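Trainee: For reference, the structure I am asking about is given below.
The values are calculated or read from the model by the stated rules, or taken from the named source; none is laboratory data. Only a predicted model underlies this, so the values are computations on that prediction, with no experimental measurement involved. Heads up, the Cβs are rebuilt from the backbone with ideal geometry, glycines too, and the neighbour counts pull from every protein chain shown. Just so you know, the surface numbers come from the protein's heavy atoms only, side chains and all, with ligands and any DNA or RNA stripped out. Shrake-Rupley method; radii C 1.70, N 1.55, O 1.52, S 1.80 Å.
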Amino acid sequence: MVASWPEPIVSVQALSQTGISTVPNRYVKPAHQRPVYNSNQSDADMDIPVVDMSKVWGKPEGLMSVRGACEEWGFFQVVNHGVSHDLMERMRGAWREFFELPLEEKRKYANSPETYEGYGSRLGVVKDAKLDWSDYFFLNYLPSSIRSPSKWPSQPPKIRELIEEYGEEVTKLCERLVETLSESLGLKPNRLMKALGGEDSVGATLRANFYPKCPQPQLTLGLSSHSDPGGITIVLPDEKVAGLQVRRGDYWVTVKSVPNALIVNIGDQVQILSNGIYKSVEHQVIVNSGMDRISLALFYNPRSDIPIGPVKELITENQPALYKPIRFDEYRLLIRQKGPCGKNQVDSLLSSR
Ligand code: OGA
Ligand code: NI
C-alpha cells in the first residue's frame, strides 16, 4: 500500500462551511451514479425490516425473521438489541463535538492510506478519482493488541472512554448476532464464530462518518455505492437526518430509522462463509442541502490472517463452493486502494463456473 494520498486532502466539512453554491468538479459523479429520487409512492413506502431481538434470542421461531431479512434485504434494523440508548446518544454527541472542532485540531489526526487510522476525507488512492462528500474518523478496536487509544481523538473529554464503552457493548451485540446468524443458517450456534477465527481473534473497526450539507446534493453522494468488505456492520444512524440508501433490485430504498434502533448489515465475508445464502447488499449515502449528518459504523470482521471460504456444511452437491478462500487482510486492500465500487470485489471471488 502506498504511503500517501495522490492529491492533497480537502476537508469536505471545511469546504461546505465556506458557503460555496456549487459542488467542485471532483465531487460531481457521472450521471449514472447520481442519486435517484423515487417518485413512485409504493417505493417511497418500502423500508428494510425491523427485527425485535427480544423475539429472536431464546426463541427458535424468531430465527426465521432474521433469515428472511438476511435473504431478502441483507439489511435490517434491530430494536431491543441490548445496547444502552443513553450510550448511543452520548456517542453520537461526542462525535458531533469532535467534528465541530477547528480543522487544525482534527488535522493532528490526519490519516494515511497505509492504515487509514485517523481523520480522513477519501477512500481509495486512485489519482483524479471522483470523491465522496464526507469526512470520517477511522480507528481499530479489536483485536485489542492493535487498539491504540493514543491515536483516537483526545477531545471532547471522555471520548476515548466512550469509544471503549460503546465498542464493548456493540461487539457483545455482534457476538450474539453472529450466533443468531449461525443458527439461522442451520449451523451450530458457535459455527460461524469459529469460522471467523473465534471470539478472541476477530477484528473490529469503527468509522465515524460526517456528511456535511451540500449545495447541490443531486450531483454527488456522501458515500458511493459499495458493499461492506467485513463480516457484519452495525450502524448507529443519525436519527434526525436520513441518508442511507439500500439497493433493492433497480431501486434505492432510503432507510427511515426507528427510534433507538441500530442498523445491521451483512458484509462480504458472511456472504462468502454462507456460500451465497446471505448476500452483502450494496448501499450508498445521499446528502442534502439543509443539514449535516453523522453516523457511526462498527465493522465486525474475521481474524485477518486465516483463509475465509464457504463453511463446509453449506457446500453440497447442489450448491458447490461459490467462492475461493481469501484472507481478510488481503481482501480489504481493494477497497482501500480503489475506494467504494459496488459489489465488484466479492463477485471477483466467484469460482469459475
Ligand atoms: C459505511 C456505511 C452508512 C451510513 O460506513 O460503510 O455504509 O449511514 N455507512 O453512514
Ligand atoms: Ni457501508
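Trainee: Please count how many residues of the stretch 195-211 are in a loop (DSSP other than H, G, I, E, B) and either within 9 Å of ligand 1 (Cβ to nearest atom) or surrounded by fewer than 21 Cβ atoms within 10 Å (Cβ to Cβ) (or both). Before the answer, list the steps.
Mentor: Here is the first cut: in the stretch 195-211, the ones in a loop (DSSP other than H, G, I, E, B) are 196-202.
Retained after the next criterion (residues that are either within 9 Å of ligand 1 (Cβ to nearest atom) or surrounded by fewer than 21 Cβ atoms within 10 Å (Cβ to Cβ) (or both)): 197-201.
Adding up the residues that qualify gives 5.
Trainee: Test each condition in (1) assigned to a loop (DSSP other than H, G, I, E, B); (2) at negative phi; (3) in contact (Cβ under 8 Å) with a residue 60 or more places away in the chain; (4) buried (at least 19 other Cβ atoms within 10 Å of the Cβ) for PRO153 and report the one that comes out false.
Mentor: (3)
Trainee: Hey, another quick one. With respect to SER65, determine if the residue is among the hydroxyl-bearing types (Ser, Thr, Tyr), part of a helix (DSSP H, G or I) and open to solvent by less than 70 Å² (accessible area, probe 1.4 Å).
Mentor: For SER65, the condition - among the hydroxyl-bearing types (Ser, Thr, Tyr), part of a helix (DSSP H, G or I) and open to solvent by less than 70 Å² (accessible area, probe 1.4 Å) - is met.
Trainee: Are there any pairs with C-beta distances below 9 angstrom linking a residue in the stretch 209-231 that is closer than 14 Å to LYS130 by Cβ to a residue that is in a strand (DSSP E or B) and β-branched (Val, Ile, Thr), with the two at least 6 apart or on different chains, and if so which?
Mentor: LEU221/VAL285; GLY222/VAL285; LEU223/VAL285; SER224/VAL285
Trainee: Could you tell me whether any residue of the stretch 154-163 is away from ligand 2 (no atom under 16 Å from the Cβ), of a type in the set (S, T, N, Q) and within 30 Å of SER11 (Cα to Cα)? If you could, list the steps in order and put the result at the bottom.
Mentor: Initially, the stretch 154-163 is screened for residues away from ligand 2 (no atom under 16 Å from the Cβ), giving 154-163.
Imposing the further condition that a residue be of a type in the set (S, T, N, Q) reduces the set to 154-155.
Checking which are within 30 Å of SER11 (Cα to Cα) leaves us with 154-155.
Yes: one or more hits.
Trainee: ILE277 is checked against (1) open to solvent by 10 Å² or more (accessible area, probe 1.4 Å); (2) within 12 Å of ligand 2 (Cβ to nearest atom) and fails just one. What number does that condition carry?
Mentor: With respect to (1) open to solvent by 10 Å² or more (accessible area, probe 1.4 Å); (2) within 12 Å of ligand 2 (Cβ to nearest atom), ILE277 is out only on (2).
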